[in-house]
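A short worksheet on the structure shown next.
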Amino acid sequence: MFKQGKIGFIGLGIMGKPMAKNLLKAGYGLIVYDIVKQPVEELVEAGAVAAASCAEVAAGCNGLLFTMLPNSPHVKAALTGENGVLSAAPKGLIIVDTSSIAPLASQEMYEAARAAGAHYLEAPVSGGEPKAIDGTLAIMAGGDEDVFNKVKDILLVVGSSAVYCGGPGSGNTTKLANQIIVALNIAAVSEAFVLATKAGVDPVKVFAAIKGGLAGSTVMNAKVPLMLDGNFKPGFRIELHIKDLQNALDTAHAVGAPVPLTAGIMEIMQALKADGKAKDDHGGVVQFYEKLAGVQVRK
Ligand code: NAD
């Protein structure tokens, strides 16, 4: 399905650009839009067609449209704003929103799409830029199961797994669980590696010794090599992780599930933001501990 015509793609940032490129590589046509010109030009060079607005993407696509935007307000603007997708949605349009947004916002978008005769499936992803480039993201979907089943094959072009988690809001709630685990894992790795370094043990040896044991993790394998190089180029920006943690705190308070550790890592990230590091990769959390202890975890 959707091999004829062009799939729509809105939001060509760190994640959206490689995902869109993988759709092109798999033989799908694309019509794309971003408020920033440069990535649009790059996609056009790769074979996509450029649109001048979200509405133009909706009108020119083949019934399927992806969004990959920063947060809830951006998705709301792109879908329900002036010249938004829903102002020009063909009947039955399927919107696959791969952004990580508040579960409540995704429920609102589901209802807005339904009122306009379209379908909204939330499909946030995990894996970061490297897995977006490789097409091996982990995808967690929420919305209508029959809509998920219609697009699952295409989700598996950009991801290596796609799981239907339940009705509207379920995909983004699952993503919040993912983000809590990633943030706390980074904090634990940072705390432990700063301790070892301060105590005089070579962090390269610490990594080699423990990565294969119970403490080893995908987060450790992805972030420790970058920490050892002092490389905090994003990747996933601290400011975006703050957005996810805020959504996690709001959701947790709304359902009555206290999340004390999430509150703690939120304050660590707020401290880094106040220190001018909001645009660093979230692996840059190690800098918070480095400052406290007066050492750097480096090769
Ligand atoms: P990004 O800021 O690099 O990209 C977002 C893109 O959306 C930008 O190119 C921006 O110009 C565009 N945009 C914003 N508003 C727009 C609008 N109204 N119309 C059209 N384009 C618009 O962010 P990213 O890192 O690609 O993240 C996107 C989403 O994916 C976020 O929700 C993030 O939490 C999630 N995510 C990111 C990563 C990661 O490692 N970067 C991993 C998993 C999930």
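So between residue 52 and residue 115, what do we pick up on full extension, going 0.36 nm a residue minus the alpha carbon distance?
Numbers: separation 63, 0.36 × 63 = 22.68 nm, distance 2.47 nm.
Length gained between residue 52 and residue 115: 20.2 nm.
Quote the FRET efficiency, to the nearest 0.05, computed for residue 82 versus residue 221 with a Förster distance R0 of 30 Å and r equal to the Cβ-Cβ distance.
Values: r = 44 Å, r/R0 = 1.48.
Between residue 82 and residue 221 the formula returns 0.10.
Let me know the Kirkwood hydrodynamic radius for the chain, please, with Cα pairs as the basis and the value in Å to one decimal. Show your work: numbers first, answer last.
Values: mean 1/r = 0.0502 Å⁻¹.
So the Kirkwood estimate lands at 19.9 Å.
Rounded to the nearest 5, what % of DSSP beta bridges with both residues in the chain are antiparallel?
15
If packing is taken as the average number of other Cβ atoms within 10 Å across a peptide's residues, how do 58-64, 287-293, 274-280 rank, most packed first?
Details: 58-64: 21.9, 287-293: 18.0, 274-280: 14.6.
Result, highest mean first: 58-64, 287-293, 274-280.
With label points built 7 Å along Cα→Cβ from the Cα atoms of residue 202 and residue 129, find their separation and express it in nm.
Roughly 2.9 nm, to one decimal.
Restricting to bridges with both residues inside segment 86-160, how much of the DSSP beta-bridge set is antiparallel, in percent to the nearest 5?
On the way: 3 of 8 bridges.
DSSP beta bridges in segment 86-160 are roughly 40 percent antiparallel.
Just the Cα atoms of segment 192-231, one point each, no solvent: what log10 I(q)/I(0) does Debye give at q = 0.17, 0.20, 0.22, 0.31 Å⁻¹?
Computed log10 I(q)/I(0) values: -0.40, -0.56, -0.68, -1.18.
Assuming R0 = 41 Å, can you tell me the calculated FRET efficiency for the pair residue 153 and residue 261, based on Cβ-Cβ distance, to the nearest 0.05?
On the way: r = 38 Å, r/R0 = 0.92.
It comes to 0.65.
List the GluC sites (Glu not before Pro) within segment 23-108 that DSSP assigns to loop and that have no more than 11 neighbouring Cβ atoms inside 10 Å.
On the way: sites: 41, 42, 45, 56, 82, 108; in loops: 82.
Answer in residue order: 82.
More than 14 Å apart: what percent of Cα pairs in segment 49-118 qualify? Don't jump to the answer; show the numbers that get you there.
Values: 1283 of 2415 pairs.
Within segment 49-118, distances greater than 14 Å cover 53 percent of Cα pairs.
Could you sort out which of 175/211; 25/243; 198/233 sit more than 28 Å apart by Cα distance in this structure?
On the way: 175/211 25 Å; 25/243 32 Å; 198/233 24 Å.
Checking Cα-Cα distances, 25/243 exceed 28 Å.
Using amide H atoms built 1.01 Å from N in the peptide plane, name the residues 5+ places from residue 7, or on other chains, whose amide H lies under 5 Å from its own.
Under 5 Å from the amide H of residue 7 lie the amide H atoms of 29, 30, 31, 62, each far enough along the sequence or on another chain.
Work out how much length residue 91 to residue 249 would gain on full extension: take 0.36 nm times their residue separation and subtract the Cα-Cα distance, in nm to one decimal. Please report the intermediate quantities before stating the final value.
Numbers: separation 158, 0.36 × 158 = 56.88 nm, distance 3.63 nm.
Gain on extension, residue 91 to residue 249, equals 53.2 nm.
Compute the FRET efficiency between residue 177 and residue 38 as 1/(1 + (r/R0)^6), taking r as their Cβ-Cβ distance and R0 = 30 Å, and round to the nearest 0.05. Let's see the in-between values first.
Working: r = 34 Å, r/R0 = 1.13.
The value I calculate is 0.30.
Report the Rg/Rh value for segment 173-293, based on alpha-carbon coordinates and the Kirkwood definition of Rh.
Values: Rg = 14.4 Å, Rh = 14.7 Å.
Checking Rg against Rh, the ratio lands at 0.98.
Figure the gain on full extension for residue 233 and residue 270 (residue separation times 0.36 nm, minus the Cα-Cα span) and round it to one decimal in nm. If you can, show how the numbers build up before the last one.
On the way: separation 37, 0.36 × 37 = 13.32 nm, distance 1.82 nm.
Length gained, residue 233 through residue 270: 11.5 nm.
Each reported figure results from applying straightforward, stated rules to the coordinates on display, with no laboratory input. Keep in mind that this is a model prediction, so the values were computed, not measured. Neighbour counts are summed over all protein chains in view; Cβ atoms, including those assigned to glycine, are modelled from backbone coordinates with ideal geometry.
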